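Here the structure comes first, spelled out in structure tokens, and everything after it is commentary.
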Amino acid sequence: MNSAILSWLPPTENMDGTPLTSFAGYKVYWGTAPGSFTNSVELLNPGLSSYVVEQLTRGAWYFTMTTVSAAGVESAWSNVASKIIL
């Protein structure tokens, strides 16, 4: 199966420790080189804690994500994860 299952803990506060408000969801990015994420999907459900990226071709894939506010403002990228599809 050429897919990657991504999972995370939903955030509860901003980086400065203040409570997270107006949180609308996530944006997941992926691509074949670190820092070059040519694909993305917006997940407008703050209750999600996983997503499956499907139809990946053989090779190395890299993934990152952001949180998205109700106003459409994105956070900084998360740490980058990777997976090799054989």
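Please treat every number below as a calculation from the coordinates, not as lab data. The model shown is predicted, which means the values in this text are computed figures rather than measured ones. As a convention, Cβ positions derive from the backbone with ideal geometry for all residues, glycine included, and neighbour counts pool all protein chains shown.
Would you mind telling me which residue in G25, G35, G17 has the biggest mean-square fluctuation in a Gaussian network model of the chain, where springs connect alpha carbons within a distance under 10 angstrom?
So, out of G25, G35, G17, the one fluctuating most is G17.
Would you pull out the residues with amide H under 5 Å of M65's amide H, same chain only if 5 or more places away, H placed 1.01 Å from N?
Y29, S78
Among T64, A33, S49, which residue has its Cα positioned farthest towards the positive end of the charge dipole of the chain, with +1 placed on the Cβ of Lys and Arg, -1 on the Cβ of Asp and Glu, and the dipole taken about the Cα centre?
It is A33, whose Cα lies furthest towards the positive end.
What's the extension gain from I5 to L43 if we count 0.36 nm per residue and subtract their Cα-Cα distance?
Stretched fully, the I5-L43 segment lengthens by 12.2 nm.
What FRET efficiency comes out for the pair I84/D16, r = Cβ-Cβ distance, R0 = 25 Å, nearest 0.05?
Numbers: r = 36 Å, r/R0 = 1.46.
According to the calculation, E is roughly 0.10.
Using all alpha carbons of the chain, what is the percent of pairwise distances in each 5 Å bin, ordered from the shortest bin to the longest?
3, 14, 26, 23, 16, 10, 5, 2, 0
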